[in-house]
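Written out below as structure tokens is the structure these notes cover.
The values are calculated or read from the model by the stated rules, or taken from the named source; none is laboratory data. The structure displayed is predicted, hence computed values, not measured ones. FYI the Cβ positions are ideal-geometry reconstructions off the backbone, even for glycines, and counts take in every protein chain you see. Quick note on the areas: whole protein, heavy atoms, side chains included, nothing else; ligands and nucleic acids left out. Shrake-Rupley method; radii C 1.70, N 1.55, O 1.52, S 1.80 Å.
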Amino acid sequence: MTTLDVGAPTLERIKRAPKVLLHDHLDGGLRPETIIELADELGYRDLPATEPGALTDQMMKGANRKDLTLYLETFAHTVAVMQTPHSIERVARECAEDLAADGVVYAEVRFAPELHTQRGLRLDDAVEAVLSGFAAGSSGTDLTIRAICSAMRNADNSLAVAEAAVRWRDQGVVAFDIAGAEDGFPPDDHIRAFQFCQRENFHITVHAGEAYGPRSIWKAVQYCGSERLGHGIRIIEDIQHEENGEPALGRLAHFLRDRRIPLEICPTSNVNTGVVDSIAEHPIDQLIDLRFRVTLNTDNRLMSGVSMTSEMAALVDAFDYGWDRLRWLTVNGMKSSFLPFRERLQIIEQVIKPRYAPLEAWSQEPPI
């Protein structure tokens, strides 16, 4: 296990630092070469380009249209090539390999099993293929990787997906989620799935507070029992500035902060979907200063052209973050994970802290 020389958090140094990732979509992080090869194998002819560089440009161009619904259109191509056990397993294996190469030591990667049944696979077939790929790709690395099963919020399969997630809980699935277009598809439409997970003592995270405001967050937490919030940044709309410049938190914002409900924040993706205009204008810095439980994530590595390294570097550039703040975000991520408590502590104490220790004195850590 390597350590780093003390110095400023440059891109290369950040890449070698340990990272934790809680919000990453499997079908949003494929290697472009893999998409092209699998499309050829499966006879998929609708790719916008068949050369890796050009395909990457098209996927990023298609995603960066300042609208979540338009952003999601690009996933038709990646999902189309993930319809067999072989293709799904390969994508999952390469995902784990790429995250390990980026210095990620713990990851929860989500996927929607129902999207991978177009050629006859069952939900359980898709889950099994993903877990097999994760095991192969993380073998021999520092990466511990788990899966989150997402149901599509514009469909009616959520209870079946939740049941599948629980069936695989002892093999590596750690939570249930809903994903897809947020506006017009409230989380409480899927209340039976969430109640099933609650009865099974199974973890829940919900995409909320990205394309819709605080009411979506409130429903996710209070109706659906969400323990974390996918994005959640529009909680900023429940925070006002008084005449003296001091922030005044609304009741929902107070509740999230008091309960330490983690926000799975994905800065570059939020720029892509038009939630904010730039990283420099992103509310992540304000939410950190207000001591919300903030975590840093990639969302879709291909579509947004990011990695955990680049997301950290973007915050360094925008807000002049040092190692203490990057370590704080990393520890926050691990604390907020759905891994069992003892395993979380083990990674914090035996991996994250020792590898950050040479970079910054612990006394400079901001309060959590």
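For the reader, a short list of remarks on this structure follows.
- Among residues other than residue 139 with Cβ under 14 Å from its Cβ, the summed charge is -3 (Lys and Arg +1, Asp and Glu -1).
- The range 61-171: radius of gyration over Cα atoms, expressed as a fraction of 2.2 N^0.38 Å: 1.09
- Computed over the alpha-carbon pairs of the range 83-137, the distance histogram in 5 Å steps reads 4, 22, 30, 21, 13, 6, 2, 0 percent, short to long.
- Relative contact order computed over the range 246-302 (Cα-Cα under 8 Å; 6+ residues apart), in percent: 44 percent
- Antiparallel bridge percentage (DSSP; both residues within the chain; nearest 5): 10 percent
- The chain, relative contact order in percent, only Cα pairs under 8 angstrom and at least six apart counted: 21 percent
- Contact order normalised by residue count of the range 196-237, Cα under 8 Å, 6+ apart, percent: 46 percent
- Inter-site label distance for residue 16 and residue 183 at 7 Å from Cα along Cβ, in nm: 4.6 nm
- Nearest-10 value in Å² for the accessible area of residue 77, using the 1.4 Å probe: 40 Å²
- Accessible-area value, residue 98, 1.4 Å probe, nucleic acids and ligands omitted, Å²: 50 Å²
- Taking all protein chains as shown and a probe of 1.4 angstrom, residue 341 keeps an accessible surface of around 130 Å².
- Accessible area per residue (1.4 Å probe, heavy atoms of protein chains only) ranks 303, 60 as 60, 303, with the largest value leading.
- Tail weight of P(r) past 15 Å, computed on alpha-carbon pairs of the range 167-241, percent: 52 percent
- Debye intensity ratio in log₁₀ form over the Cα atoms of the range 40-80, taken at each q of 0.24, 0.26 Å⁻¹: -0.82, -0.92
- Translational diffusion of the range 231-273, µm² s⁻¹ [Kirkwood Rh, Cα pairs; Stokes-Einstein; 4 °C; 1.567 mPa s]: 112 µm²/s
- Dipole magnitude of the range 222-337 about its Cα centre (Cβ charges: Lys, Arg +1; Asp, Glu -1), debye to nearest 20: 660 debye
- Calculated [θ] (222 nm, deg cm²/dmol) that DSSP helices of n ≥ 4 give over the chain, each run adding -39,500 (n - 2.57): -12500 deg cm²/dmol
- In the range 297-363, the convex hull through the Cα atoms has an average projected area of 5.3 nm², a quarter of its surface area.
- DSSP beta bridge pairing in the range 175-255, given as percent antiparallel to the nearest 5: 35 percent
- Counting only Cα atoms, the chain measures 60, 46, 40 Å along its principal axes, largest extent leading.
- Going by accessible surface with a 1.4 Å probe and the largest first, 271, 161 read 271, 161.
- For the range 1-89, the convex hull spanned by the alpha carbon atoms encloses 155 Å³ per residue.
- Portion, in percent, of the accessible area of the range 164-301 that falls on carbon or sulfur, probe 1.4 Å: 43 percent
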